[in-house]
1. Checking I3 against (1) closer than 29 Å to G174 by Cα; (2) open to solvent by 70 Å² or more (accessible area, probe 1.4 Å), only one condition comes out false. Which one?
2. Being open to solvent by less than 40 Å² (accessible area, probe 1.4 Å) and either part of a helix (DSSP H, G or I) or among the aromatic types (F, W, Y) (or both) is the requirement here; does F157 meet it?
3. Do we find a residue being in contact (Cβ under 8 Å) with a residue 24 or more places away in the chain and in a strand (DSSP E or B) anywhere in the range 118-137?
4. Listed residues Y147, Y142; which is of a type in the set (F, W, Y) and under 24 Å from Q45 (Cβ atoms)?
5. Among the residues in the range 42-62, are any within 19 Å of L211 (Cβ to Cβ), more than 15 Å from the chain's Cα centre (by Cα) and without any contact (Cβ under 8 Å) to a residue 24 or more places away in the chain?
6. Take the range 35-88 and flag every residue that is outside any helix (DSSP H, G or I), open to solvent by less than 10 Å² (accessible area, probe 1.4 Å) and at negative phi.
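The values are calculated or read from the model by the stated rules, or taken from the named source; none is laboratory data. If you're wondering where the values come from, they're calculated on a predicted model, not measured in any experiment. For neighbour counting, all protein chains shown are included, and Cβ atoms are generated from backbone atoms with ideal geometry for every residue, glycine included. To get the accessible areas, we keep the full protein, side chains included, count just its heavy atoms, and leave off ligands, DNA and RNA. Shrake-Rupley method; radii C 1.70, N 1.55, O 1.52, S 1.80 Å.
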Amino acid sequence: MKIEKMSDFFTARVDGYDDHMLNNVEGCKDGYIKMAELLPPDMVQLLDLGCGTGLELDEIFKRFPFVNVTGIDLTKAMLDQLKRKHPDKNMVLINESYFDYDFGTSLYDAAVSFQTMHHFSHDDKIKLYSKILAALKEDGQYIECDYMLEKQEDEDFYFSENKRLRKEYGIKDGEFYHYDTPCTISNQIDLLLKAGFQNVEMKWREGNTTLLVAKKY
């Protein structure tokens, strides 16, 4: 099995990405709608991590047409497609790794991510979640809809395979390659709590697509 650099993987699939996510990945079509429904009604500033072509924003803009969005994604081709879809919206789009970008402090009413966090290690997630927490306003919340598992043995398998493949191909630590390493729901909740979120709840699940809401206070 050959694994590709993260940005190369998504660049190569940008044309069929929306159709694939909406029609082939169980739970995603409804998940985009559910995420928009759960955002706070008075939201003005939104941080979108791994915004891609903006499938979650398609639904969010229906409810919040004037929201100010900061969207971050590693793949320029996806950001270009998002710009073409929503040329009239208030968006600042950043072509960078969200691990490297400075989110600032107490700027956002909410942050979201959709099907992006299942590529990273526990430690990397905790560091990132701590940054998200700091970027949220006092009553802010983070909504994550992602690929999550129920059994620890399944999580262990994906992480061990990822480690084996990275070693086989000589991939250095810190380099982003596309391979799914989903966590169990309970582990994912625990990572958010370890990062400092005070309350984390699973709100919805269809197939392996699972939605968590993490509140700052």
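1. Going through the list (1) closer than 29 Å to G174 by Cα; (2) open to solvent by 70 Å² or more (accessible area, probe 1.4 Å), I3 breaks only (2).
2. So F157 fails the test.
3. Initially, the range 118-137 is screened for residues in contact (Cβ under 8 Å) with a residue 24 or more places away in the chain, giving 118-122, 124-137.
Checking the rest, the ones that are also in a strand (DSSP E or B) come to 136-137.
Looking through the range 118-137, at least one residue is in contact (Cβ under 8 Å) with a residue 24 or more places away in the chain and in a strand (DSSP E or B).
4. On the way: Y147 fails: under 24 Å from Q45 (Cβ atoms).
Result: Y142 is the single residue among Y147, Y142 that is of a type in the set (F, W, Y) and under 24 Å from Q45 (Cβ atoms).
5. No: the range 42-62 contains no residue that is within 19 Å of L211 (Cβ to Cβ), more than 15 Å from the chain's Cα centre (by Cα) and without any contact (Cβ under 8 Å) to a residue 24 or more places away in the chain.
6. Of all residues in the range 35-88, those outside any helix (DSSP H, G or I) come to 39-54, 64-75, 86-88.
From what's left, open to solvent by less than 10 Å² (accessible area, probe 1.4 Å): 39, 46-49, 51-54, 67, 69, 71-72, 75.
Answer for the range 35-88, where residues must be outside any helix (DSSP H, G or I), open to solvent by less than 10 Å² (accessible area, probe 1.4 Å) and at negative phi: L39, L46, L47, D48, L49, C51, T53, V67, V69, G71, I72, T75.
Condition check ((1) without any contact (Cβ under 8 Å) to a residue 24 or more places away in the chain; (2) open to solvent by 70 Å² or more (accessible area, probe 1.4 Å); (3) part of a helix (DSSP H, G or I)) across all residues:
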residue: D139; (1), (2), (3): no, yes, no
residue: E153; (1), (2), (3): yes, yes, yes
residue: R164; (1), (2), (3): yes, yes, yes
residue: G170; (1), (2), (3): yes, no, no
residue: P182; (1), (2), (3): no, no, no
residue: E201; (1), (2), (3): yes, yes, no
residue: L211; (1), (2), (3): no, no, no
